[in-house]
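Q: Take a look at the following structure, please.
The values are calculated or read from the model by the stated rules, or taken from the named source; none is laboratory data. Owing to the predicted nature of the structure, the values given are computational and were not obtained by experimental measurement. Because the Cβ atoms are built from the backbone with ideal geometry, glycine has one as well, and the counts that use them run over all protein chains shown.
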Amino acid sequence: MLEQIEGSKAMARTIALCRPQVICAYPITPQTHIVEGVGELVRDGTLANCEFINVESEFAALSVAIGASAAGARAYTATASQGLLFMAEAVYNAAGLGLPIVMTLGNRAIGAPINIWNDHSDAMALRESGWIQLFAETNQEAADLHIIAFRLAEELSVPTMVCVDGFILTHAMERIDIPDQKIVDAYLPPYEPVQVLDVEHPMSIGAMVGPDAFTEVRYLQYYKQQTSFRLIETLSQQFAKLFGRVAGGLLRSYHTEDAEFVVVAMGSINGTIKDVIDEMRAEDIAIGLVSLVTFRPFPIRALQEALAHARDVLVIDKALDPGMGGPLASNVAIAFRNMDDAPNLHSAICGLGGRPVTKASLSRLFRQAMVQPWEGPHFLDLNDRVIAREIHRRGKARRAGPAAENILKILERERAEKARARAEAGGA
Amino acid sequence: MFQVRIHGRGGQGVVTAAEMLSVAAFLEGKHAQAFPSFGSERMGAPVVAFCRIADREIRLREPIQTPDVLIVQDATLFKSLDVLEGLNPRGHLLVNTNRDFAAIHLDGAVARLPMGHAQTCPATDLARQHIGRPAPNTALLGALTAFTDVVKLSSVMEAIARTFPGTVGEANIACARAAHDLVRQRLDATETSHA
């Protein structure tokens, strides 16, 4: 049923329709309203046969999910930002053990400096942990991806992370269709584990593995992910058939057929990019977009096909690897490796720590990339003046102090000057 | 697409106002997107919330920089922020105050807007009277329907009922209606005097 509902609440309701049997959560910032929402649904009986466990930390949240999943329960948890890092060891364990846990990640920045706002730093930090990572473009897709995620995770026995832009999606109230239980049940059968701890048939999960077998166990993890591309597409097609709308899959192309210039991005920023593309298309500029849904496993073949006719590719990253640049750009570059006539690759970093990404800035960026491409990553809307002042100041003294505090001081001074000017103008 | 920006302070129900407005638009069959300016939540700190309303799917995710309607829940914000920044020159302004625009030094800005596009509403006073606490959001939504066609008063009342069930909702609905009637009467009086 169509409802005007907050993204987090819609996800909570949809997750409940997936009939998880164990939900563990550590409800402290950084969190979203998702676990609060499913908690209420467990308490009021809407979500039956489900144990909601309040734990003492994120590390415990995922550890309990691992235990529950190994015992044969459909297990779910959610986190964001530092919370994900705090459970990092368990994140790798869940993947290594092949336990199909589903976790929502309300994407947020990672400190320092302390910042609670949106970017993709958290997902990127654990992109090599062995989880499947799916990125939602809209709140409808954020809800829908959970249904697909449980099915995908359980068919592959690989844990799956649904990455949803924190605040931008999780805190936005929009028109979202919450599906009927019957349709969800038709798509998602009850959990049938491929491995389970059962007292009737004793066995152990999590053996110590030495050099003689470690590579083989790890290779099977790689093999499972590399052979999952077709399944990911099939599950998306089955979803579309049953629910009557598109969600999931490897990637989606927008106006790429004749586009020489193609943007590649993940998450909610694709909505704003599409609006910019529509405006530029109205000016007869041949620009298109590839919206990447599946980041892990990284769909190299699908990307190569989607970008086959592009001459220039601009990759938008909402995360920064300070020693390298944009992680998504680095990954897309690998898709072009050894490719004849590979397109030119341009990289832009934007929306870090919740900086709004506006249509105006993106439009300027795309136009600049077409006529005057740059080397290395371009930082969208970077305040060059503040950077220059701080670099100059640091050059003058060794004990230059913390960069974050210094930049805040400069900005505060500028704001005060502006307010004074406004007051004077108002009084005149 | 129609864009509404709401300014206020933490604790005044700014985010809830944007959400209720989006529900009202949804009830009229429109697409609507309500979202807060994402900050640390503190009582009294400046807060901004946004609401977009359109006939088709809203894909845009940037904050609203050029609002068609600006609702100001706390008039003291004008001293510390450029609240009016980006307001559409043909747009609408609604300010919570029991004084007139000249008394809060906004007469210059109001004069630049089309006639009747700026209104005041003593929303905090009305809220104290009807709800028993100084939450001006529902009164302002009611007042908004008196001089714009963003949404209907009946839709706002239904959105309030869905957000606050029971007697709290009823009090807020009464508050919204009172604010609507107050602004409507003022407009009618102006129109009569001009006739």
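Q: Do we have A:LEU411 as surrounded by 13 or more Cβ atoms within 10 Å (Cβ to Cβ) and either assigned by TED's automatic domain parsing to the domain that holds A:VAL357 or modelled with pLDDT of 90 or more (or both) here?
A: When the stated conditions are applied, A:LEU411 does not pass them.
Q: What's the number of the only condition in (1) over 20 Å from the mean Cα position of the chain (by Cα); (2) at pLDDT below 95 that A:GLY111 fails to meet?
A: That leaves (1) as the condition not met.
Q: As an exercise: evaluate A:PHE167 against (1) part of a strand (DSSP E or B); (2) on the phi > 0 side of the Ramachandran plot and give the number of the one condition it does not meet.
A: Single failed check for A:PHE167: (1).
Q: Taking the residues in region A:161-178 that are facing another protein chain (nearest Cβ under 10 Å) and touching a Lys or Arg at 6+ places or on another chain (Cβ under 7 Å) as candidates, determine which candidate is surrounded by the most Cβ atoms within 10 Å (Cβ to Cβ).
A: A:GLY166
Q: State which residue is farthest from A:GLU192 (Cα to Cα) when the search covers only region A:21-52 and only residues that are in contact with a helix residue (DSSP H, G or I) (Cβ under 8 Å, 6 or more places away or on another chain) and in contact (Cβ under 8 Å) with a residue 60 or more places away in the chain.
A: That would be A:PRO30.
Q: Given the structure, is B:GLY10 surrounded by 16 or more Cβ atoms within 10 Å (Cβ to Cβ) and either modelled with pLDDT under 95 or charged (D, E, K, R) (or both)?
A: It is true that B:GLY10 is surrounded by 16 or more Cβ atoms within 10 Å (Cβ to Cβ) and either modelled with pLDDT under 95 or charged (D, E, K, R) (or both).
Q: Which one of these is free of Cβ contacts under 8 Å to residues at least 60 places away in the same chain, part of a helix (DSSP H, G or I) and of a type in the set (Val, Ile, Thr): B:ILE173, B:ILE160?
A: On inspection, the qualifying residue turns out to be B:ILE173.
Q: If you go through region A:348-384, how many residues are in a loop (DSSP other than H, G, I, E, B) and either under 22 Å from the mean Cα position of the chain (by Cα) or within 14 Å of chain B (Cβ to nearest Cβ) (or both)?
A: Within region A:348-384, residues that are in a loop (DSSP other than H, G, I, E, B) and either under 22 Å from the mean Cα position of the chain (by Cα) or within 14 Å of chain B (Cβ to nearest Cβ) (or both) number 8.
Q: Filter region A:138-160 for residues that are closer than 22 Å to B:GLU57 by Cα, in contact with a Gly (Cβ under 8 Å, 6 or more places away or on another chain) and either within 14 Å of chain B (Cβ to nearest Cβ) or in a loop (DSSP other than H, G, I, E, B) (or both) and give the result.
A: Of everything in region A:138-160, those that are closer than 22 Å to B:GLU57 by Cα, in contact with a Gly (Cβ under 8 Å, 6 or more places away or on another chain) and either within 14 Å of chain B (Cβ to nearest Cβ) or in a loop (DSSP other than H, G, I, E, B) (or both) turn out to be A:THR138, A:ASN139, A:GLU141, A:ALA142.
Q: Just to be sure before I move on: is A:TYR223 of a type in the set (Ser, Thr, Tyr) and more than 14 Å from chain B (Cβ to nearest Cβ) in the structure I sent?
A: The answer is yes for A:TYR223.
Q: Anything in region B:24-50 that is under 19 Å from A:GLU137 (Cα atoms) and modelled with pLDDT of 95 or more? List them, or say none.
A: Matches in region B:24-50: B:HIS31, B:ALA32, B:GLN33, B:ALA34, B:PHE35.
Q: Here's another thing I want to ask about it. If you go through region B:33-76 one residue at a time, how many are closer than 30 Å to B:ILE104 by Cβ, among the aliphatic types (A, V, I, L, M) and in contact with a Ser or Thr (Cβ under 9 Å, 6 or more places away or on another chain)?
A: The total comes to 8.
Q: Here's a check for you: in region A:282-332, which residue that is among the basic types (Lys, Arg) and more than 14 Å from chain B (Cβ to nearest Cβ) is farthest from A:ARG252 (Cα to Cα)?
A: Checking each candidate, the answer is A:ARG311.
Q: Need the failing condition index for A:THR358 against (1) in contact with a Phe, Trp or Tyr (Cβ under 7 Å, 6 or more places away or on another chain); (2) in contact (Cβ under 8 Å) with a residue 40 or more places away in the chain; (3) not acidic (Asp, Glu), just the number.
A: Of everything listed in (1) in contact with a Phe, Trp or Tyr (Cβ under 7 Å, 6 or more places away or on another chain); (2) in contact (Cβ under 8 Å) with a residue 40 or more places away in the chain; (3) not acidic (Asp, Glu), A:THR358 misses just condition (1).
Q: Report, by residue number, each residue of region B:25-83 that is under 26 Å from A:CYS350 (Cα atoms), part of a strand (DSSP E or B) and more than 8 Å from chain A (Cβ to nearest Cβ).
A: B:PRO46, B:VAL47, B:VAL48, B:ALA49, B:PHE50, B:CYS51, B:ARG52
Q: Name the residues in region B:126-157 that are part of a helix (DSSP H, G or I) and surrounded by fewer than 17 Cβ atoms within 10 Å (Cβ to Cβ), would you?
A: Result: B:ARG128, B:GLN129, B:SER154.
Q: A further question on this structure: Just to be sure I understand the filter: pairs with C-beta atoms under 6 Å, separated by 6 or more residues or on different chains, first member in region A:251-272 and within 17 Å of A:LEU328 (Cβ to Cβ) and within 10 Å of chain B (Cβ to nearest Cβ), second member part of a strand (DSSP E or B) and not hydrophobic (A, V, I, L, M, F, W, C). Which pairs pass?
A: Final answer for the pair search is A:GLY267/A:ASP165; A:SER268/A:ASP165; A:ASN270/A:SER291.
Q: If A:PRO27 satisfies all but one of (1) outside any helix (DSSP H, G or I); (2) within 14 Å of chain B (Cβ to nearest Cβ), what's the number of the condition it fails?
A: (2)
Q: Another question, if that's okay. For region A:83-119, give me the residue count where each residue is touching a Gly at 6+ places or on another chain (Cβ under 7 Å) and not aromatic (Phe, Trp, Tyr).
A: Within region A:83-119, residues that are touching a Gly at 6+ places or on another chain (Cβ under 7 Å) and not aromatic (Phe, Trp, Tyr) number 10.
Q: Let me ask something additional. Condition (residue is within 22 Å of A:LYS9 (Cα to Cα) and in contact (Cβ under 8 Å) with a residue 60 or more places away in the chain) applied to region A:87-97: is it met by at least one residue?
A: No, the conditions are met nowhere in region A:87-97.
Q: Taking region A:290-333 as the search range and keeping residues that are in contact with a Ser or Thr (Cβ under 7 Å, 6 or more places away or on another chain) and not in a loop (DSSP other than H, G, I, E, B), which one is nearest to A:CYS350 (Cα to Cα)?
A: The extreme case among them is A:ASP317.
Q: Look at A:MET324 and say whether it is touching a strand residue (DSSP E or B) at 6+ places or on another chain (Cβ under 6 Å) and of a type in the set (A, V, I, L, M, F, W, C).
A: So A:MET324 does not fit the description; no.
Q: Something else now. Can you tell me how many residues in region A:76-104 are buried (at least 24 other Cβ atoms within 10 Å of the Cβ) and not hydrophobic (A, V, I, L, M, F, W, C)?
A: 7
Q: Taking the conditions exactly as written (in a loop (DSSP other than H, G, I, E, B), loosely packed, with under 14 Cβ neighbours inside 10 Å and without any contact (Cβ under 8 Å) to a residue 24 or more places away in the chain), does B:ASP188 satisfy them or not?
A: no
Q: Take the conditions among the hydrophobic types (A, V, I, L, M, F, W, C), surrounded by fewer than 21 Cβ atoms within 10 Å (Cβ to Cβ) and away from every other protein chain (no Cβ under 14 Å) and apply them to A:LEU126. Does it pass?
A: Considered against the rule, which asks whether it is among the hydrophobic types (A, V, I, L, M, F, W, C), surrounded by fewer than 21 Cβ atoms within 10 Å (Cβ to Cβ) and away from every other protein chain (no Cβ under 14 Å), A:LEU126 comes out as yes.
Q: Which one of these is touching an Asp or Glu at 6+ places or on another chain (Cβ under 8 Å) and not in a strand (DSSP E or B): A:ILE410, A:ILE387, A:ILE391?
A: A:ILE410 is the lone residue from the list that is touching an Asp or Glu at 6+ places or on another chain (Cβ under 8 Å) and not in a strand (DSSP E or B).
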